[in-house]
Structure formats: C-alpha cells, structure tokens
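As structure tokens, the structure follows; a few thoughts come after it.
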Amino acid sequence: MKDISITFIRYFVSLVEHKKFNTAAYNLHISQPALSKSIMTLEQQLGTSLLKRYPRSFELTDAGRYFYESSVYFLKLYEDYLYDIDSRVRSPYSGTIRMSSSGVILEAFFPDIIYQMSQKYPDIRIYTKEEDTNSTIQSLLTHKADFGTALYPLPEKLKNSFSLHHLVDSSFHLVFPKTHPFAKKDCISFDDLHRVNIFTPGEFSGVHQTFFKLCAEHSVQPNITCSCSQAPFIMKLVSMGMGVAVMPEIFLKDLSPDLTHRPFLPELPWKLALIYPTDAYLPLATSAAIDFIKQYFSARA
C-alpha cells in the first residue's frame with residue numbers, strides 16, 4: 001500500500017460527516033469532481049472500496065466504516081502532534097500533558113489546580129483520564145499517561161519503576177444522615193458494618209478497593225450495594241436513607257447539612273501520592289505541571 005495523503009483522509013472524513021459530496025466539497029473549498037477523484041484515488045491506494053455509491057447518495061462499506069473511525073482518531077492525534085511541535089518551538093512550557101486519576105480525586109482537587117496552573121502556564125493543555133490506581137499504573141507503563149495519582153501502598157514489584165511524591169494524609173469515615181443511630185456513636189467499628197447497606201465511590205476506584213481490602217483484613221464482608229464514581233450521587237442516596245457511604249474525610253468538607261460522619265476505630269488510613277515514571281524523560285511542560293501540583297499540596301499541608 002502506498003503512502004496515504006493526509007489531505008485525502010481529511011476529505012474522506014469530511015464527506016462522511018457532511019453525508020453529501022456537494023456539501024462536503026463546498027466546506028472543503030474544492031469542486032465536487034475534485035472531491036470525487038480524491039476519494040477514488042484514496043480507495044485505489046487502500047485497495048478496497050470505502051463507499052457504496054448510488055445516484056444521489058452513498059453509504060459506507062464495512063471497510064469504509066472502519067477507515068472513518070480510525071481516521072477520526074488519527075487526525076485527532078495528528079492535530080495534537082502539530083500543536084505540541086508548534087507550541088514547544090515558541091515556548092518550552094507548552095504542549096499537551098496527560099494525567100490519570102480517579103473521578104473523586106479529580107473533582108475534589110483538580111479544578112482549582114488546573115485553573116491556577118492555566119494562569120501561570122497558559123500554553124499547557126491538560127487532558128485528564130478517570131482511572132483507578134491500577135489502571136493509572138498501566139497507563140503510565142504503556143505511555144498513555146505522563147503522570148497520575150495513586151493510593152498507597154504501591155505493590156513492591158513496581159516501586160522501582162515509579163517516583164512517588166506524597167500529597168495527602170487522610171482516613172476513611174462513614175457518612176450517614178444525622179437521624180441515623182450511628183450519629184450517637186463517637187466512632188464506627190467493623191462490627192457495626194454487618195447488614196448495613198454501604199455505598200463506595202466506584203467499584204474500580206482506589207477508595208473502593210482500599211476499603212474492601214481493609215474490611216477483609218478485619219474479617220468483615222461489607223454489604224456494598226452501590227458503587228459510583230460520582231460522589232454527589234452517592235451522597236444523595238445517603239440523604240434519602242438508602243444506606244451509608246465510605247469516604248475519605250478530606251472529601252467531606254462541604255457535606256450536606258442533613259448528613260454527618262464518624263471515623264472508624266481502628267483508624268483506616270487513606271494516603272494519596274503523585275506518581276510518574278522513574279528515570280523517564282519528562283518534557284519541561286510535564287515537569288512544570290508535576291512541580292506545580294507538589295507545591296499546591298505542600299502549601300495546604
């Protein structure tokens with residue numbers, strides 16, 4: 001197969017999205033015959049038909065559908081590549097960086113961090129991906145993320161692969177309505193959790209997995225009836241009296257007036273770290289973002 005022209009790929013994507021040759025040609029600022037010839041040339045280069053042509057319309061072949069979906073993804077990557085090259089020539093503190101973190105952590109900390117960082121580094125773009133600690137590690141290992149957040153403890157076999165910077169110390173609390181019998185207690189024991197409906201922030205989140213592991217260590221099988229990455233959704237369920245929620249205390253500063261919370265006894269620690277590959281080349285934009293996040297949390301320690 002010969003090299004495929006990016007121009008032809010753009011033409012094909014535009015044709016599919018506009019659904020008509022004349023509309024696509026108009027938006028591409030070329031003639032309709034020129035567009036038709038470009039698509040035919042593209043098909044010849046690929047060695048397959050992308051379209052089933054009718055007198056006044058067309059539909060995609062299976063190959064055409066696959067090529068369209070792949071082309072949309074490719075063009076997005078290509079545009080990001082061009083943006084990075086152009087911006088980094090103009091400024092070393094520019095470009096796109098990719099961060100992996102759980103939804104709960106993103107919601108709690110990073111709107112303010114991203115806003116403040118945009119004021120200092122306006123040419124840095126941050127793409128966030130919602131993932132638990134295990135998925136974050138995989139994204140870092142496969143270079144799909146530049147850095148992320150992770151919960152301690154990290155598996156021993158991976159410690160030499162990553163640099164960790166401690167960000168936050170907290171502990172798990174149990175959240176419930178003020179009218180709940182737990183409100184009379186100073187703390188919650190594991191025995192209190194038997195036959196209680198429990199909500200956690202996401203089945204695959206670090207919070208959920210860490211809490212489940214701690215329960216197993218104390219020989220408790222929690223009745224987890226709902227897991228969701230959206231903390232406000234969980235809190236609404238708790239307010240409706242459908243159960244209680246397990247959350248790190250640091251996320252409970254703006255708790256609804258009808259809810260309260262208590263710590264566990266023994267204490268269930270929750271520790272958050274910034275994680276990035278050890279000895280990997282980090283572009284200045286990535287290093288700047290990591291340093292900014294470290295300073296942000298250090299100032300609030």
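Looking at region 234-255, can you tell me whether even one residue there is buried (at least 17 other Cβ atoms within 10 Å of the Cβ), touching a Cys at 6+ places or on another chain (Cβ under 6 Å) and of a type in the set (Val, Ile, Thr)?
yes
Please state which one of Tyr121, Tyr66 is within 30 Å of Lys271 (Cα to Cα) and over 18 Å from the mean Cα position of the chain (by Cα).
Tyr121
Just give me the residues in region 267-287 being under 20 Å from the mean Cα position of the chain (by Cα) and more than 20 Å from Ser161 (Cα to Cα), in sequence order.
The one that is under 20 Å from the mean Cα position of the chain (by Cα) and more than 20 Å from Ser161 (Cα to Cα): Ala285.
Confirm whether Val196 is among the hydrophobic types (A, V, I, L, M, F, W, C), in contact with a Gly (Cβ under 9 Å, 6 or more places away or on another chain) and not assigned by TED's automatic domain parsing to the domain that holds Gly148.
yes
Could you tell me which of the residues Leu77, Leu82, Leu42 is over 30 Å from Ile114 (Cα atoms) and either in a helix (DSSP H, G or I) or modelled with pLDDT of 95 or more (or both)?
Checking each option against the conditions leaves just Leu42.
Does Ser219 count as of a type in the set (S, T, N, Q), closer than 16 Å to Phe264 by Cα and not assigned by TED's automatic domain parsing to the domain that holds Gln295?
yes
Pairs only if they're at least six apart or on different chains, beta carbon under 8 angstrom, first in region 57-81 and without any contact (Cβ under 8 Å) to a residue 60 or more places away in the chain, second polar (S, T, N, Q) and assigned to a loop (DSSP other than H, G, I, E, B); list them, first residue then second.
Within 8 Å, the pairs are Thr61/Thr48; Thr61/Ser49; Ala63/Thr48; Ala63/Ser49; Gly64/Ser49.
Do we have Ile126 as surrounded by 13 or more Cβ atoms within 10 Å (Cβ to Cβ), modelled with pLDDT of 90 or more, among the β-branched types (Val, Ile, Thr) and in a helix (DSSP H, G or I) here?
Considered against the rule, which asks whether it is surrounded by 13 or more Cβ atoms within 10 Å (Cβ to Cβ), modelled with pLDDT of 90 or more, among the β-branched types (Val, Ile, Thr) and in a helix (DSSP H, G or I), Ile126 comes out as no.
Among the listed residues Asp191, Asp169, identify the single one that is surrounded by fewer than 19 Cβ atoms within 10 Å (Cβ to Cβ) and assigned to a strand (DSSP E or B).
The match here is Asp169.
The values are calculated or read from the model by the stated rules, or taken from the named source; none is laboratory data. Not measured: the values here are computed from a predicted model. Counting neighbours? That spans all protein chains shown, and the Cβs are built from the backbone with ideal geometry, glycine included.
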